[in-house]
Amino acid sequence: MSPSKWDKLVQKYFFLYRDGFFELPYLSNSPQMMIESLKNIPQSIHKPLEQSIYSNNPFCRGIVRYREIEDGLWILATNIEIKQNIIAKALYNEMESSDHYFLSFSVFEYEFSVGTSVTDRATVKSIGWTFFKPKTHVSTYFYKDTAGKFCNFIFNKNWAERNFADIKLGSKNGIEPFINSKIGFKSWLDIVPNSQHQFKEIWKTLETEQKEPFGNSILKAQTVAFISNFFKTIADQKTPEKLESLNNKDYSNLAKAEKIILANLNLPFIGIEKIASEVLLSPTKLKSNFKSTFGLSLLQYHKEKNMLLAKQLLENSRIQIKNIAIAIGYESASKFSAAFKKRFSILPSEIRNT
């Protein structure tokens, strides 16, 4: 099948509705093919002189800025508002080559409310990292009434080896065991220090270049520093002893499992068996696959997302501590406070008093 015929096939399935989400497929063999797919999203406008793609349709509104920084390194930065539940699917034309790695960083904002009063609401952020290897079918869920920025740093292995020779990728920890394994996808929560500030600087550079001639020297320095910061942080993390061999269907099921966890953060953990039955996996397989991909068990992931949410609510709202405890599934403020201190070495009340 030629690339043009493949593009037409993908277009047929733009925003197909399934399981409460509109599907957005795009080709990921290369940055160029990804850009071509994004250009073909309904009601998109491509401005090649800006190296930008604008879209405004019933499902989302946003802008994608893309740059080939140098041979082997691209950046695709997106600012988007989600109007309907969307699942973005990275697909591949098996007849075309693919040798690019994707490192994605995202910061999404949404309103969290525990009541009708203004003081019972807060804007919170969901921050995450994803790294996936060529020909991995990654599914990403975006939720209605959220907005945010995410950036894909796309590079091949030769570029990484040239630019990160100082990072010991061959250690037992870090990214090398993952690259050499049969796993194609890994995800992390907000783990990299100073990442939001670095990301803001990259975005500012991209916006500035809309008004001035393109110059990639500053953007390259920022991008290399950003990716290097990620690799160095991961190098200090312990890699699970056993990395399961997963296929693309497994990744789709894991994305669904994560979605179920996120949809039930206001409840005590609903249990592995229930999630496994909904994603059509055995509990044993789901547990091992999830740990290999996210680095945490399903219960640990649920707790960590809850604690990060609670920390933001304490810092950015006037919602009472007892209401925050109930909102994230704790029976009492005392149990919540104990769990919070165990995670952050500080009581919720101490955050409020600083």
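The values are calculated or read from the model by the stated rules, or taken from the named source; none is laboratory data. From a predicted model like this one, the values you see are computed outputs, not experimental measurements. Every residue, glycine as well, gets a Cβ built from its backbone with ideal geometry; the counts of neighbours run over all protein chains shown. Ligands, DNA and RNA are excluded from the accessible area calculation, which covers all protein heavy atoms including side chains. Shrake-Rupley method; radii C 1.70, N 1.55, O 1.52, S 1.80 Å.
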Residue match in the range 50-66 (condition: touching a His at 6+ places or on another chain (Cβ under 9 Å), surrounded by 19 or more Cβ atoms within 10 Å (Cβ to Cβ) and polar (S, T, N, Q)): no
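Give the number of residues within the range 309-320 that are assigned to a helix (DSSP H, G or I) and surrounded by fewer than 19 Cβ atoms within 10 Å (Cβ to Cβ). Don't jump to the end; show me each part of the working.
Applying the first criterion (assigned to a helix (DSSP H, G or I)) to the range 309-320 yields 309-316.
Checking which are surrounded by fewer than 19 Cβ atoms within 10 Å (Cβ to Cβ) leaves us with 311-312, 315-316.
The number of residues fulfilling the criteria is 4.
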Selection count where residues are part of a helix (DSSP H, G or I), farther than 21 Å from A263 by Cα and not hydrophobic (A, V, I, L, M, F, W, C), scope the range 323-354: 11
Candidate set: the range 72-94, residues that are polar (S, T, N, Q) and outside any loop (DSSP other than H, G, I, E, B); chosen: the one farthest from C151 (Cα to Cα): N79
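Considering the range 101-142 alone, what residues qualify as being of a type in the set (S, T, Y) and more than 23 Å from L296 (Cα to Cα)?
Y110, S113, T116, S117, T119, T123
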Neighbours by Cβ (under 8 Å, 6+ apart or cross-chain): first from the range 299-319, farther than 15 Å from I191 by Cα and polar (S, T, N, Q); second assigned to a helix (DSSP H, G or I) and open to solvent by 40 Å² or more (accessible area, probe 1.4 Å): S317/T119
Selection count, the range 209-219, where residues are surrounded by 17 or more Cβ atoms within 10 Å (Cβ to Cβ) and at pLDDT 75 or above: 1
Scan of the range 95-113 for residues that are surrounded by fewer than 19 Cβ atoms within 10 Å (Cβ to Cβ) and either in a loop (DSSP other than H, G, I, E, B) or in contact with a Leu (Cβ under 8 Å, 6 or more places away or on another chain) (or both), ordered by number: M95, E96, S97, S98, D99
Any hit, the range 163-179, residues being surrounded by 13 or more Cβ atoms within 10 Å (Cβ to Cβ), under 30 Å from K259 (Cβ atoms) and modelled with pLDDT of 90 or more: no
Output for the range 261-272, where each listed residue is open to solvent by less than 20 Å² (accessible area, probe 1.4 Å) and either outside any loop (DSSP other than H, G, I, E, B) or polar (S, T, N, Q) (or both): I261
Criterion (in contact with a Phe, Trp or Tyr (Cβ under 8 Å, 6 or more places away or on another chain), within 23 Å of L103 (Cα to Cα) and either surrounded by fewer than 18 Cβ atoms within 10 Å (Cβ to Cβ) or free of Cβ contacts under 8 Å to residues at least 40 places away in the same chain (or both)) met by exactly one of I41, I82, I75: I41
Matching entry among T140, T116, T130 (being at pLDDT below 90 and open to solvent by 20 Å² or more (accessible area, probe 1.4 Å)): T116
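So, in the range 183-208, of the ones that are hydroxyl-bearing (S, T, Y) and under 27 Å from L308 (Cα atoms), which residue ends up modelled with the highest pLDDT? So that I can check it myself, show each step before the final result.
As a first pass, look at the range 183-208 and keep what is hydroxyl-bearing (S, T, Y): 187, 195, 205, 208.
Then keep just the ones that are under 27 Å from L308 (Cα atoms); that gives 187, 195.
Working: S187: 89, S195: 92.
Checked the range 183-208; the qualifying residue modelled with the highest pLDDT is S195.
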Number of positions in the range 322-348 that are closer than 15 Å to N266 by Cα and open to solvent by less than 40 Å² (accessible area, probe 1.4 Å): 8
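Residues to consider are K232, K305, K220; find the one that is touching a strand residue (DSSP E or B) at 6+ places or on another chain (Cβ under 7 Å) and among the charged types (D, E, K, R). Write out each step before concluding.
Details: K232 fails: touching a strand residue (DSSP E or B) at 6+ places or on another chain (Cβ under 7 Å); K305 fails: touching a strand residue (DSSP E or B) at 6+ places or on another chain (Cβ under 7 Å).
One residue alone meets the criteria, K220.
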Options L281, L286: the member that is open to solvent by less than 30 Å² (accessible area, probe 1.4 Å), more than 24 Å from Y330 (Cα to Cα) and part of a loop (DSSP other than H, G, I, E, B): L281
